[in-house]
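Read-outs: derived from the displayed coordinates by stated rules, not from any lab. This structure is a prediction, so every number in the text was calculated from the model and none was measured. Here the Cβ positions follow ideal geometry from the backbone for every residue, glycine too, while neighbour counts run over all protein chains shown.
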Amino acid sequence: MKDFITLIRRFIPPYKRQVILNVFFNILSAFLNVFSFTLLVPILQILFKVDQGTYEYIPFDTSSFGSMFDFGVLKNNAYWYITSLVDNSSAGVALMTLGLVFVLMTAIKTFTAYMSGYYIVDVRTGVVRDIRKQLNDKILSLPLGFFSSERKGDIIARMTGDVGEVENSVMSSLDMITKNPIMILIYLGSMLVISWQLTIFVLILLPIAGYIMGKVGKSLKRQSVEAQGLWGQLISQIEETLSGLRIIMAFNAERKISDRFDYASNTFRKMTNRIARRQQLAHPMSELLGTITIVFVLWYGGSLIFSEHSTIDASQFIAYLAIFYLIINPAKDLTKSAYAIQKGMASVERIDKILKAENTIKEPANPKSLTFNREISYRNIWFKYAEPWVIQDVSISIPKGKKIALVGQSGSGKSTMADLLPRFYDVDKGGIYIDDVNIKDASTHDLRALMGNVNQEAILFNDTFFNNIAFGVENATMEQVIEAAKVANAHDFIAASEKGYETNIGDRGSKLSGGQRQRISIARAILKNPQILILDEATSALDTESERLVQDALENLMKNRTTLVIAHRLSTIKNADEICVMNEGRIVERGHHDDLYQANGYYRRLCDMQQF
């Protein structure tokens, strides 16, 4: 319950008004409920002719506001009115009058109950929306390193299944938590007024029943954490299957993937069954304990009525039982909500692993302004993801307007060098400078605003050609987008599509060829018009004809622009101002293509292997 209160304090403050109104209507509903059932006492006394007393009308003292709510005066005058009706008309008329008052009170009570639910709905949906937004914003702010250690499917499961569990379990219990304790307190107060001895007896029994229920649900939260973890694994498998369908079919691995999914699905089902069965135990157990409690109350209440100095008569005892019965449902709901909250808090724990994840890319307190006039310099940088070092004591200078290429075998650290410049990761030792300003001292927004990226895999979105090209530029016009597409050799195939620039390109550009996707990503970089361009093996996955078109587009993009090129195909970087050859995280050679080739070293071997 402590975790639940902490959660409420985190997310409820924006909805204080709705919570206050919900509590107000809950209190009103509970009082009206009690008032409705107290009408049973005079009705029963009229039916059974228990009360033979005579009543005189007592005028209200208008000089004192408090006397208007004197319970003794109100009760006396109500009984005077009822007995007057019986004497002047008949008992039937008195009963009909009391019945109409009972119906009216019930109508008002149900309206207040509706209003309490009306306001809590706004709180429930608002908190869930806020959690989703915080999750999405956090994911956008976390460094790439966080996602290299997390499964994408598990993150999706946390944003969908776990948030849904919070909505279904925790937030759906919020109404019970705000309503049921209020009702129980007001009902207990009314029971104290009717018979304090009987109420003290009840208060001894209820904690015993509550303790037994608490013992049953102790392990539910732990099991729920495990179940949500299994759900994350299941979503991960689905995501991997969708991403790898081509390979699965090519290797006839459908049966293997099906068996793997069945195993994970059955394991999740077994865990879910254990949790659901434990939850199902809550209602029967609370009903059994409630019945046992009522039996004890009947026994003790009967002994009070039959005693010589009884403070309660039969009609009052029946009214007492009616109010006591009202406590049972809120107590049951409170028990159910306690179970649901335990289950939901397990999902909150998983969500908090993202929300409370530390962002290792720290924004400076007082960021320095960033201008690029002279050069980019990597100064004795060291970097590792875990162990061992991926980059070791590397220094490179990239003068403004020059093209520097990084080449080497896979795993030599080329792409890591490119990722360090826009601070997707931070160096462990040394520093990267733009005009003598350490990039750690500038804001990431200003830093990345200087740069444009074209990667080996063209990252496109399920949107139109126009929106994909204009992705990084606000308020881009159609004329600007068309001009960028023309420079990227993309205009012709876009114009030939069904709706031109308003044509949807499908999930990740699935309706396009590899070369077309790459030219769209180049058009996006051209429109942004960055001062610094990062090309990470932009043509390595293309066929010869597509490579020629893309290479032409890249040449247009690189004109008069500072460029860092990560190259696998060495033919694409022959004209670089400097080529840096990397091996196991170090620069082993550097110079122009011809000089490096003639040196007959590591670069020459790379060239010869590609020619072979």
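Could you grab the Rg to Rh ratio for the range 332-373? Cα atoms only, Kirkwood for Rh.
Ratio of gyration radius to Kirkwood radius for the range 332-373: 1.48.
Per-residue Karplus couplings for the range 380-392, computed as 6.51 cos²θ - 1.76 cosθ + 1.60 with θ equal to phi - 60°, are listed in order as 6, 8, 10, 8, 8, 7, 9, 9, x, 5, 8, 10, 10 Hz, Gly and Pro entered as x.
Database remark: amide H of Asn438 closer than 5 angstrom to no amide H (H placed geometrically; neighbours at sequence offset of 5 or more, or on other chains; Pro and chain starts carry no H). At 7 Å along Cα-to-Cβ for each site, give me the label-to-label distance between His445 and Glu254 in nm. Rounded to a tenth, the inter-label distance reads 5.1 nm.
Within the straight-line cut-off of under 14 Å between alpha carbons, the aspartates and glutamates reachable from Lys356 are Asp137, sequence neighbours fewer than 8 places apart in one chain being disregarded. Remark on the range 283-433: ratio of C-alpha radius of gyration to 2.2 N^0.38 Å is 2.45.
For the peptides 470-476, 415-421, residues were scored by their other Cβ atoms within 10 Å and the scores averaged per peptide; the highest-first order is 415-421, 470-476.
Residues in the range 439-456 carry Karplus couplings, in order, of 4, 5, 8, 10, 6, 5, 5, 5, 5, 6, 5, 7, 10, x, 10, 10, 9, 4 Hz; the curve used is 6.51 cos²θ - 1.76 cosθ + 1.60 with θ = phi - 60°, and Gly or Pro positions show x.
On full extension of the chain, what length is gained from Ser397 through Leu298, given 0.36 nm per residue of separation minus the C-alpha to C-alpha distance?
Values: separation 99, 0.36 × 99 = 35.64 nm, distance 9.02 nm.
Taking 0.36 nm per residue and subtracting the Cα distance, the gain is 26.6 nm.
Sorting the segments 122-132, 519-529 by their mean number of nearby beta carbons within 10 angstrom, highest to lowest, gives 519-529, 122-132. For the range 266-277, backbone phi angles converted through the Karplus equation (6.51, -1.76, 1.60; θ = phi - 60°) give residue-by-residue couplings of 5, 4, 5, 4, 4, 5, 5, 4, 4, 5, 5, 5 Hz, Gly and Pro being listed as x.
Can you order the peptides 26-34, 366-374 by their average number of other Cβ atoms within 10 Å per residue, highest first?
Details: 26-34: 21.2, 366-374: 12.2.
Highest-to-lowest ranking by the protection proxy: 26-34, 366-374.
Scanning residues 5 or more positions from Gly431 or on other chains, those with amide H under 5 Å from its amide H are Arg379, Ile381, with H placed 1.01 Å from N in the peptide plane. Annotation: amide H of Lys400 within the under-5 Å range of Glu375, Ile376, sequence separation 5 or more or interchain, hydrogens built in the peptide plane. Once the C-beta distance of Ser89 and Ala322 is scaled by a Förster radius of 22 Å, the resulting FRET efficiency is 0.25 to the nearest 0.05.
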